[in-house]
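Please read the structure below before turning to the comments.
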């Protein structure tokens, strides 16, 4: 699968999404550890970026695997379902973005 250049680029984009979401989460956790007053903003930023990255990566992974990705022979569909349920449980990225904008203007 890695011999196809387009697939390599998709995988690189997915890695970039993961690393950016991790950076936001690490920064928010450091703010929580130091009782930073900016924690609510950083937490919303981390939640929005992680949720978006998880959904985007799960959908892209499903595309890469094709039809086999949505069968019981492969776990890809489970990751997609978990990403969607996590988005519901932890808050839609648009909600967190609205919270960011509301806090930014105050």
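Can you tell me the length gained on complete extension of the stretch residue 56 to residue 73, counting 0.36 nm per residue apart and subtracting the Cα distance?
Result: 3.9 nm gained on full extension.
Arranged by the count of other C-beta atoms within 10 angstrom, fewest first, what order do 98, 87 take?
Sorted ascending by nearby Cβ count, the order is 98, 87.
Quick one: helix 39-65 against the long Cα principal axis of the chain, what's the angle to the nearest 10°, folded into 0 to 90?
10
Relative to the first principal axis of the alpha-carbon coordinates of the chain, what is the inclination of helix 5-33, with its axis defined by its Cα atoms, in degrees from 0 to 90 and to the nearest 10?
For helix 5-33, the angle is close to 30 degrees.
With every atom except the alpha carbons ignored, what do you get for Rg and Dmax of the chain, in angstroms?
16.2, 51
Relative to the longest principal axis of the C-alpha atoms of the chain, give the angle of the C-alpha long axis of helix 76-90, reported between 0 and 90° and rounded to the nearest 10°.
Here the helix axis deviates by roughly 20 degrees.
What FRET efficiency, computed as 1/(1 + (r/R0)^6) with R0 = 25 Å and r the Cβ-Cβ distance, is obtained for residue 11 and residue 82, rounded to the nearest 0.05?
E between residue 11 and residue 82, to the nearest 0.05, is 0.80.
Over 10 Å intervals from 0, what percent of Cα-Cα pairs in the range 43-84 sits in each interval?
33, 45, 18, 5
Read-outs: derived from the displayed coordinates by stated rules, not from any lab. Note that the coordinates shown come from a computational prediction; the quantities given were computed from them, not determined experimentally. As a convention, Cβ positions derive from the backbone with ideal geometry for all residues, glycine included, and neighbour counts pool all protein chains shown.
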